[in-house]
Amino acid sequence: MSEWLVLAIAMAAACAVVLAVTLLRTRRQEALAAGDPDLQRDDEAATPDVLEYMTMMVGVVYAIVLGLAIAGVWEARGSAQADVQREAQALHEISRRAEVLPRDARAELREDIDAYVSHVVRTEWPHMIKHRELTQRGDELLTEVREDIALRTPANELEAQTYQPMMERVAIVQDARTTREQNAASTLPGVVWFGLIIGAVVTVGLIFTMRMGRTYRELLVAGVFSALIAFLLFLVWDFDAPFGRTPGTSTAESFEQLFPGST
């Protein structure tokens, strides 16, 4: 299911529930007030000042918590993308430094790098998004790249000077790959999601204590407020997966830009 479709359904459902409950509550109060005029006068003064104050405080606290959650998942996504850029850039530098190697060794090394990049973008990336883990084949292909460099004896001084920097780049790729697997998991723990959902229910539920729904303007405000809460929760849910939630989501731009032929 498309993420935009999920957002539209969530916002529409939130608005529908709030508006339906508000309208039903308003109609019920009007029916009761029609039979008892004293009840209508009591209802006009039914919201004490302390309740308005508590409603405001709950809204402020929830807004702070929601803002911190959005900032946290946004920072986690940025960090994950930076690690992907680091992995792709290190591979690109290895491929460029291979210019000093003989033709056969250079072609073999670049072929193994292209095979690794192609596997990461076409196979491993959808698998990582779906299962939150990397593939064994990706580890094997990276091992082949490492062996192409480590098992070859430098033939001259220029190759000897290039050997150590290339091995350092392989270590960077391995480290970035490990970090990418760690970043594939959800950022927020379950207890935080429990608090966000309960907080949303309480915050929206407080609308019904403020005698909302007497005019269409109040209904509009209630609907927009509930849709905003639904949108912000969707934003947190979407960013909580640093590499996206659907296999068709392309978040491997760093590999695609540096290795257009391989991807």
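With a 1.4 Å probe and all protein chains left in place, how much accessible area per residue does the stretch 87-166 have, in Å²?
It amounts to 53 Å² per residue over the stretch 87-166.
Can you put MET57, MET167, MET128 in order of accessible area, largest first, using a 1.4 Å probe?
From most accessible down to least: MET57, MET167, MET128.
Expressed as cubic angstrom per residue, what is the convex hull volume of the alpha carbon set of the stretch 64-214?
Convex hull of Cα atoms, per residue: 135 Å³.
Counting only protein heavy atoms and using a 1.4 Å probe, what share of the accessible area of the stretch 126-263 belongs to carbon plus sulfur, as a whole percent?
Roughly 61 percent of what the probe reaches on the stretch 126-263 is carbon or sulfur.
I'd like the accessible area for LEU142, computed on protein heavy atoms only with a 1.4 Å probe and all protein chains in place. Round to 10 Å², please.
0
In percent, how large is the relative contact order of the stretch 77-176, given Cα pairs closer than 8 Å and 6 or more residues apart?
43 percent.
Kirkwood hydrodynamic radius for the stretch 143-184: how many Å is it when counted over pairs of different Cα atoms?
Its Kirkwood hydrodynamic radius stands at 11.3 Å.
Each residue of the stretch 162-167 in turn: what ³J(HN,Hα) in whole Hz from Karplus with 6.51, -1.76, 1.60 and θ = phi - 60°, glycine and Pro shown as x?
Residue by residue, the stretch 162-167 yields 8, 4, 5, x, 5, 5 Hz.
Let me cross-check ILE9: its accessible surface, 1.4 Å probe, with only protein heavy atoms counted, in Å² to the nearest 10?
90
For ASP240, ASP104, give the ranking by accessible area with the largest first, probe 1.4 Å.
Per-residue accessible area, sorted high to low, gives ASP104, ASP240.
Rg and Dmax of the stretch 101-156, Cα atoms, in Å?
When restricted to the Cα atoms of the stretch 101-156, Rg and Dmax are 13.6, 47 Å.
Report the label-to-label distance for GLU52 and GLN182 in nanometres (one decimal), using points 7 Å from each Cα along the Cα→Cβ vector.
Result for the modelled spin labels: 5.1 nm.
Expected output is a single nm value to one decimal: the length gained when fully extending between THR251 and VAL17, i.e. 0.36 nm times separation in residues minus the C-alpha distance. What is it?
80.7 nm
The values are calculated or read from the model by the stated rules, or taken from the named source; none is laboratory data. Just so we're clear, the structure is a prediction, and the values are computed from it rather than from any experiment. Cβ: placed from backbone, ideal geometry, glycine included. Neighbour counts: every protein chain shown. Accessible surface is based on the protein model in full, side chains and every heavy atom, while ligands, DNA and RNA are left aside. Shrake-Rupley method; radii C 1.70, N 1.55, O 1.52, S 1.80 Å.
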